[in-house]
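Below is one structure, written out as structure tokens; the observations come after it.
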Amino acid sequence: MAESLRIGMVGHPTYGGSGVVAAELALYLATQGCEVHFFSHDYPVRLLQNGADVFFHEVRPLDYPLFKHPPFELAFISRLLEVVRHHHLDLLHVHYAIPHAFIALSVKNILHEEGIHLPFIVTLHGTDSTLLGKDPSYHPVITHTLRHADAITVVSKFLWEDCQRTFCLERSPHVIPNFVNLNIFRPRYSKELRRRYAPDDVMLLIHVSNFRPVKRIDWVLDTFGEIRQHIACRLLMIGDGPEQGWAENYVRSMGWEQEVFFLGKMLDLAPYYSIADAFLLTSETESFGLAALEAMACSTPVLAFSVGGLPEVVRHGQTGMLAPLGDRHALAHHAVELWHDAARRQSMKSNARQWAEQFDVEQIAPQYTQLYQNVTTSSASPTP
């Protein structure tokens, strides 16, 4: 039975989608009776927030003057081997190919020489295949690793097609979309919180991301600037990352300090999604768009570009509005149009929550447990 499995979950501890999904899946599996061991170089935000019966194993590379960049992968392989042997794990599930897929294959090969078969599953989340996976520095190793994985999953049909083109896989990946815990991400409107940032007659927008270049924070602010030319509006910026400093300086240079609020990382996002009139997402690409799904689960319509897997998540005209990539004018027009049509805005809020229900963790996560069962009970295992 899947609930009796001992699972090693490997993921980045970041604010981004891959780290969030890895942590949330670990939390779910623990509630289903699995023994889950999470491996990363820092404690994942979502595990810290929710707490669970999940064992955390920190990986620390050797700090030695000879190395400009400590050999992190070797430390990770050694840590995994130690825990796998001691706790007799049944399989590894690694999120984000770089460097985790290579690490998993190395562990599998070492254990194979000891007569131990440890299957591993790789979940690709987006930039590990759409961006980094295409880089000649990584492509050969990622391709080799994926071809030796016991199973591969991707978070959208868009990513499935991209992976097939990029890696020419012999076995088709499983499409298992990202998910959301509807008990946590639900409408939690607070009049007091709303009025802290905007009165009722002012449109309140929200953006949540890790502020990486691919999120195009400049486009978020460009779009906001165009919207404010037509209506009174405010913008909440939640998260942090390499583009935050530039964004804060830009807002100051434009004199928008009383209209754009940088709130940093937030553990409890639902109240902030819930007070917003729309979620603004201007990414250059999104393999899925987990933040958009979280916003919709809180009954917040999404304004975004029609890129990557977003059209699979956001239903144009029903749960939000999509515009062609880079067309900030069209996106701003959608926002103004939505603000002036209260009935349509209310309908989108209701539709957003209903649409998000099909991505509930209780609906999606069992697809992983079924895959675990198939992999661990398979009579034939690939030779490393």
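The values are calculated or read from the model by the stated rules, or taken from the named source; none is laboratory data. Keep in mind the model is a prediction, meaning the values are calculated, not measured. All Cβ positions, even for glycine, are placed from backbone atoms using ideal geometry, and neighbour counts span all protein chains on display.
Brief remarks on what is shown
- Selection of first residues in the stretch 254-279 that are within 10 Å of Leu236 (Cα to Cα) and in the same structural domain as Ile238 (by TED's automatic domain parsing) and of second residues that are among the small types (Gly, Ala, Ser) and modelled with pLDDT of 95 or more, restricted to Cβ pairs under 6 Å at least 6 apart or on distinct chains, gives the following pairs, ordered by first then second residue: Tyr273/Ala295; Phe279/Ala295.
- Subset of the stretch 298-349 [among the charged types (D, E, K, R), closer than 18 Å to Lys215 by Cα and out of contact with any Ser or Thr (no Cβ under 7 Å at 6 or more places or on another chain)]: Asp327
- Among the candidates Val220, Val251, residue that is touching a His at 6+ places or on another chain (Cβ under 8 Å), β-branched (Val, Ile, Thr) and assigned to a helix (DSSP H, G or I): Val220
- Set Leu27, Leu48: member being at pLDDT 90 or above, within 20 Å of the chain's Cα centre (by Cα) and either within 16 Å of Glu362 (Cα to Cα) or outside any strand (DSSP E or B) (or both): Leu27
- Of the residues in the stretch 122-130, at least one is under 20 Å from Gln367 (Cα atoms), crowded, with 21+ Cβ neighbours inside 10 Å and touching a Cys at 6+ places or on another chain (Cβ under 8 Å).
- Those residues of the stretch 164-217 which are touching a Lys or Arg at 6+ places or on another chain (Cβ under 9 Å) and in a helix (DSSP H, G or I), in sequence order: Thr166, Phe167, Tyr197
- Residue count, the stretch 279-331 (criterion: in contact with a helix residue (DSSP H, G or I) (Cβ under 9 Å, 6 or more places away or on another chain) and outside any loop (DSSP other than H, G, I, E, B)): 26
- Entry remark, the stretch 96-123: residues being outside any helix (DSSP H, G or I), modelled with pLDDT under 95 and under 20 Å from His144 (Cβ atoms) number 2 in total.
- For Gly317: the one exception among (1) surrounded by fewer than 24 Cβ atoms within 10 Å (Cβ to Cβ); (2) closer than 30 Å to Gly8 by Cα; (3) out of contact with any Gly (no Cβ under 9 Å at 6 or more places or on another chain): (2)
- Criterion: hydrophobic (A, V, I, L, M, F, W, C), in the same structural domain as Ser106 (by TED's automatic domain parsing) and farther than 30 Å from Ser350 by Cα - qualifying residue of Val154, Val141: Val141
- For Ala75, the stated conditions hold: it is surrounded by fewer than 20 Cβ atoms within 10 Å (Cβ to Cβ) and under 28 Å from Leu5 (Cα atoms).
- Which numbered condition Arg79 fails, given (1) at pLDDT below 85; (2) touching a His at 6+ places or on another chain (Cβ under 8 Å); (3) among the basic types (Lys, Arg): (1)
- Scoring Arg328 on the criteria (1) of a type outside the set (Val, Ile, Thr); (2) in the same structural domain as Phe158 (by TED's automatic domain parsing); (3) more than 25 Å from Phe185 (Cβ to Cβ); (4) crowded, with 16+ Cβ neighbours inside 10 Å leaves a single failure, condition (2).
- For the stretch 331-351, the condition holds for at least one residue, the condition being that it is hydroxyl-bearing (Ser, Thr, Tyr), more than 24 Å from Ala22 (Cα to Cα), in contact (Cβ under 8 Å) with a residue 40 or more places away in the chain and out of contact with any Pro (no Cβ under 9 Å at 6 or more places or on another chain).
- Members of the stretch 149-166 found to be surrounded by fewer than 18 Cβ atoms within 10 Å (Cβ to Cβ) and either at pLDDT 90 or above or over 24 Å from Gly289 (Cβ atoms) (or both), listed by number: Lys157, Glu161
- In the stretch 30-45, of all residues being assigned to a helix (DSSP H, G or I) and not hydroxyl-bearing (Ser, Thr, Tyr), the one that is surrounded by the fewest Cβ atoms within 10 Å (Cβ to Cβ) corresponds to Val45.
- Filtered residues of the stretch 207-235 (kept if crowded, with 19+ Cβ neighbours inside 10 Å, in contact with a helix residue (DSSP H, G or I) (Cβ under 6 Å, 6 or more places away or on another chain) and among the β-branched types (Val, Ile, Thr)): Val208, Ile217, Thr223, Ile227
- Of all the criteria given as (1) assigned to a loop (DSSP other than H, G, I, E, B); (2) modelled with pLDDT under 95; (3) touching a strand residue (DSSP E or B) at 6+ places or on another chain (Cβ under 9 Å), the one not satisfied by Ile231 is (2).
- Only one entry in Arg345, Arg353 is surrounded by 15 or more Cβ atoms within 10 Å (Cβ to Cβ), over 22 Å from the mean Cα position of the chain (by Cα) and of a type outside the set (Asp, Glu), namely Arg345.
- Verdict on Glu226 being outside any loop (DSSP other than H, G, I, E, B), of a type in the set (Asp, Glu) and out of contact with any Lys or Arg (no Cβ under 9 Å at 6 or more places or on another chain): no
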